[in-house]
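All remarks here apply to the structure that follows.
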Amino acid sequence: MTKLNLKSLKRRKSLLAQAENQLDFLSNGIFKKGELPTFKDKINANGFYPLKPKTLEILQINLGYMCNQVCSHCHVDAGPDRKEIMTKETMQYCLDVIEKSGAHTLDLTGGAPEMNPHFRWFVEEAFNVGIEDIIVRSNLTIIKANKKYADLPEFFKKHRVHVVSSLPHWTKGKTDKQRGEGVFSASIEALKDLNKIGYGMPESDLKLDLVYNPSGAFMPTDQASLEKDFKKALIEDFDIHFHNLLAITNLPISRFLDYLIASDNYEDYMHTLVEAYNPTAAENVMCRNTLSVSWDGWLYDCDFNQMLCMKVDSDRNHIKDFDVEALQKREIKIHQHCYGCTAGAGSSCGGTTT
Amino acid sequence: MSNSYYDPKDLKKFGDITDFQKELGEKFFEYYTSVFEDGALTQREKALIALAVAHTEQCPYCIDAYTQDTLKRGVTKEEMMEAVHVGAAIKSGAALVHSTMMMNKVKKLDG
């Protein structure tokens, strides 16, 4: 069993549970004093402002903030105490949009998306309306959390779901420190279950990717090199296989922002991100081909903007009013957290971007 | 001038050493970059060696840089400390092995 070390910021009644307080913090201090350029000024210097969308390819839908884990760096502030969950009615709006939006990929996230009672129905219906690829961001431990989830690997296989799972390290110590006691062992067991039915095996088309995010106030190193180290360790220690490692930079919002401030790393971390600004990564940011839908149907440029309550800059900002042409004309909303996606080799829900 | 010989901000100025001698500086950085690429040793293994040497050289800049680099590469704190102990063992061993000279001399002069 996994043991929860934390409560959500919301449950703790932390000031940072409110998006406006996070945005205030990111607007002031080193950015207000001019010690660092705002993200707007930075991309303006490269001619990328205003940031405009390209063709919509991915619909990322957050099925709810409820999760069986409380990870220390969660940008969603998810946890068992979060009750926000997408209704079947909102899912139906999403299905209508999937049919007509032109997006080829549905990216289901949470919380633990599998905890939504309509999750399986939604996956089946999404394929019925013609989506090409469905990604489920599974935290792995959900498969081991309760008997009712034990057949998830078979369900994923039946529908050829692309499974993307967080595993911040190949050792118990580092993984449990970030994701909660017992998470590593449960994740390893879940990975074995997935491997057993073909997920992640070499030559298998049942896709299993792992997500790495740093355990502290530093950026990830080269994705390919990390993937090599992950594969070597997981095969040697557990005979576990996966396809690709996606290296993601922690964005300075929510619990990670809380950690940065509490550990006195905020300013140095922002300096690191700004100094590592990469114009090519800025050109390839995921918000240009992705739209994020919240549990209650509002539209955002990305999952991070969703957590900061920065709805898309359009009057068609709810899934029930979806208008792909109107949305394509919008300006993408940005703030200082966006430096996380443009630093180094770039960062997105699909890993590096350059 | 700073009141201290070492300033953490100077680490970021490392690349500026080419300002006073461009050709040699550039040659050094080209060599330095090549050394840390994947070869018979992985980048991770090289970073750990660098961390150990950073300690034996007692270079604050190098300790700062390679602590961050090894962390980014997923090196655990146990691995880092073991690497430092390897460096420390060689350092102390290097001092102690010289005591054979002292012992030889003692035996010759006062044997």
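Worth a mention:
- Strands (runs of 3 or more DSSP E) (entirely within region A:101-215) containing at least 2 residues that are surrounded by fewer than 24 Cβ atoms within 10 Å (Cβ to Cβ) and within 14 Å of chain B (Cβ to nearest Cβ): A:208-212
- Residue match in region A:70-91 (condition: in contact with a helix residue (DSSP H, G or I) (Cβ under 8 Å, 6 or more places away or on another chain) and surrounded by fewer than 15 Cβ atoms within 10 Å (Cβ to Cβ)): yes
- A count restricted to region B:26-50 and to residues that are within 14 Å of another protein chain (Cβ to nearest Cβ) and either under 15 Å from the mean Cα position of the chain (by Cα) or not acidic (Asp, Glu) (or both) stands at 12.
- None of A:LYS333, A:LYS320 is under 26 Å from A:SER101 (Cα atoms), of a type in the set (Lys, Arg) and in a loop (DSSP other than H, G, I, E, B) except A:LYS333.
- Looking only at residues in region B:1-59 that are out of contact with any helix residue (DSSP H, G or I) (no Cβ under 6 Å at 6 or more places or on another chain) and of a type in the set (S, T, N, Q), the one that is surrounded by the fewest Cβ atoms within 10 Å (Cβ to Cβ) is B:ASN3.
- Extreme residue, farthest from the chain's Cα centre (by Cα), among residues of region A:257-277 that are surrounded by fewer than 18 Cβ atoms within 10 Å (Cβ to Cβ) and not in a helix (DSSP H, G or I): A:ASP264
- Test: residue in region A:301-308 that is more than 14 Å from chain B (Cβ to nearest Cβ), touching a helix residue (DSSP H, G or I) at 6+ places or on another chain (Cβ under 6 Å) and closer than 18 Å to A:THR55 by Cβ: yes
- First in region A:88-102 and in contact (Cβ under 8 Å) with a residue 40 or more places away in the chain, second anywhere and assigned to a helix (DSSP H, G or I), Cβ under 7 Å, 6 or more apart: A:THR90/A:ILE319; A:TYR93/A:ILE319; A:TYR93/A:LYS320; A:CYS94/A:ILE319; A:VAL97/A:ILE319; A:SER101/A:VAL324; A:GLY102/A:VAL324
- Odd one out for B:GLU78 among (1) part of a helix (DSSP H, G or I); (2) within 14 Å of chain A (Cβ to nearest Cβ); (3) surrounded by 14 or more Cβ atoms within 10 Å (Cβ to Cβ): (3)
- Looking only at region A:244-268, residues that are within 10 Å of chain B (Cβ to nearest Cβ) and among the charged types (D, E, K, R) come to 1 in all.
- Positions within region A:229-244 being in a helix (DSSP H, G or I) and in contact (Cβ under 8 Å) with a residue 24 or more places away in the chain, in sequence order: A:ASP229, A:PHE230, A:ALA233, A:LEU234, A:ASP237, A:PHE238
- Once region A:216-243 is narrowed to residues that are touching a helix residue (DSSP H, G or I) at 6+ places or on another chain (Cβ under 8 Å) and of a type in the set (Phe, Trp, Tyr), the residue that is nearest to the other protein chains (Cβ to nearest Cβ) is A:PHE218.
- Selected residue [in a helix (DSSP H, G or I), more than 9 Å from chain A (Cβ to nearest Cβ), under 14 Å from A:THR221 (Cβ atoms) and hydroxyl-bearing (Ser, Thr, Tyr)] from B:TYR61, B:TYR66: B:TYR66
Laboratory data are not the source of any read-out in this text; all were calculated from the coordinates shown. Computed from a predicted model, the values in this text were never measured in an experiment. Here the Cβ is made from the backbone with ideal geometry for all residues, glycine too, and neighbour counts use every protein chain on show.
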